[in-house]
1. Given the pairs 232/358; 62/105; 229/358; 246/362; 229/255; 279/358, which are separated by over 22 angstrom at their Cα positions?
2. Let me see the pair-distance distribution of segment 3-209: every alpha carbon pair, 10 Å bin width, integer percents in order.
3. Between residue 179 and residue 92, what length in nm is gained on full extension when 0.36 nm per residue of separation is reduced by their alpha carbon distance?
4. For segment 220-392, what is one quarter of the convex hull surface built on the Cα atoms, given in nm²?
5. Pick out, from 139, 153, 104, the residue whose Cα sits farthest towards the positive end of the charge dipole of segment 101-173, with +1 on the Cβ of Lys and Arg and -1 on the Cβ of Asp and Glu.
6. Through the Karplus equation 6.51 cos²θ - 1.76 cosθ + 1.60, θ set to phi - 60°, convert the phi angles of segment 287-296 into ³J(HN,Hα) values in whole Hz; use x for Gly and Pro.
7. Answer with one residue from 249, 288, 370: the one whose Cα lies farthest towards the positive end of the charge dipole of segment 220-392, charges on Cβ with Lys, Arg +1 and Asp, Glu -1.
Amino acid sequence: MSFAELGLAPELLRALADEGYSQPTPIQAQAIPMVLAGRDLLAAAQTGTGKTAAFTLPILQKLNATAAVTGARLARVLVLVPTRELAAQVGESVRTYGRHLPAMKTSIIFGGVGINPQIDLLRRGVDIIVATPGRLLDHVQQKTVNLSGVQMLVLDEADRMLDMGFIRDIRRVLAVLPKQRQNLLFSATFNGEIRSLAESMLHNPASVEVAPRNSTVDLIAQRVHPVDKARKTALIAHLVKGGDWKQVLIFTRTKHGANRLSEQLMREGIQSDAIHGNKSQSARTRALADFKAGKVRVLVATDIAARGIDIDMLPHVINHELPNVPEDYVHRIGRTGRAGSSGEAISLVSSDERQQLKDIQKLLRREIPSSIVEGFAPGSAPSATELASRAAAPATTHARPHGGHNRPQQRSSGPGGGPARKADGSQAHRQGQGRPQHKAGDSRKAR
Ligand code: AMP
């Protein structure tokens, strides 16, 4: 199956050839004919499957085939996405694939940046709006956008939008759109809330489902390294330096944790940056650009900040901690191994994260291979250099060795600097065998 066989216009075929894409991905092969035929679409696909082109290409083709509404140029397509990064990325893809359709105009609308330049752009007239729901509603309220010409609506990463609490905003946007329109809904997961949104929004939709999450995950070499919590940063530095890794995306659970880890790695001589919701949009954009360009070797991110980040051929993803929600694991590791390239995902798992690991393995329906990195066996003594670098960073203390009680970091070295724990500690901690010594009771609390 080729792109030409899908019936795409020569201008789009040229853009695809420019990108070096020779064949449609499965979601593209299935979705493009449906969208061209005017059907509503319910698509189960996660990032990395080529889903952006799956909706962008037929949309561009349809827009190109029909004349713009005369007079005031009203947007005919609205793409709603959960995050600013994804808005920028999808907007970029629309421009890339529409490169040989110069008359097509796209506006990218998201919060955290000045609203006036967006108002100017909208006033001049656009064909496609790619937007996050909150800022779009600001424009609706200020009457600086007119959505009465929208013929096609895309909800991209709909599950994420609901996770982020956008359901009300989405419904408000739906309420101001023309009733007669084509709707495309993309989501990686389908729970009750998504289903009821889909039912209320889609008319006789075609369903496409590709890359059930396991097959994308299949491309990714996954590994668990059991390690003491207090030694995770040292292990990351060891892996990155030892393997001479050039581009590593690391996930942490908290914004604070992301900053701290990035600072610690800098101290280890590893060029790092962090992105999360507390950083300004320009800082996030810059960090991502530096990371893509190879100026920054490690990017530390929280789940929300990393959502939808698209980096071609990202070779390494590390989970500094496992996520509490098992689906987030799949989203995180999906950053690597995209569109057919292979990648590696490593999870550092301390003894208090056994429940999360179990839940993830249950979701994947498989066990993730586990190995201990030499010198980092749980319960073993850190080297003198490691202790010295930890001492230089007192703020990093967050050891919770057992049972969730906060205890000071010194627990891993005895009064003379030697190991306080016996060698049997490493046996007791072997991952994947034996059973947990205690239950991580609070490990599933909501985000
Ligand atoms: P997406 O799932 O939309 O985030 O796309 C994942 C990645 O696949 C992006 O880097 C795209 O540029 C790339 N991609 C999309 N379609 C194709 C294709 N047909 N062949 C190769 N790569 C593609």
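1. From 232/358; 62/105; 229/358; 246/362; 229/255; 279/358, over 22 Å: 246/362; 279/358.
2. Pairs per bin, as whole percents: 8, 38, 39, 14, 0.
3. 28.5 nm is the gain from fully extending residue 179 to residue 92.
4. Mean orientational projected area (segment 220-392, Cα hull): 9.5 nm².
5. 139
6. Running phi through 6.51 cos²θ - 1.76 cosθ + 1.60 with θ = phi - 60° gives 4, 5, 5, 4, 5, 5, 7, x, 6, 10 Hz.
7. Of the candidates, 288 comes out farthest on the positive side.
Since every read-out is calculated from the coordinates, none of them should be taken as a lab result. All of these numbers come straight from a predicted model, not from anything done at the bench. We place every Cβ from the backbone using ideal geometry, glycine too, and count neighbours over all the protein chains shown.
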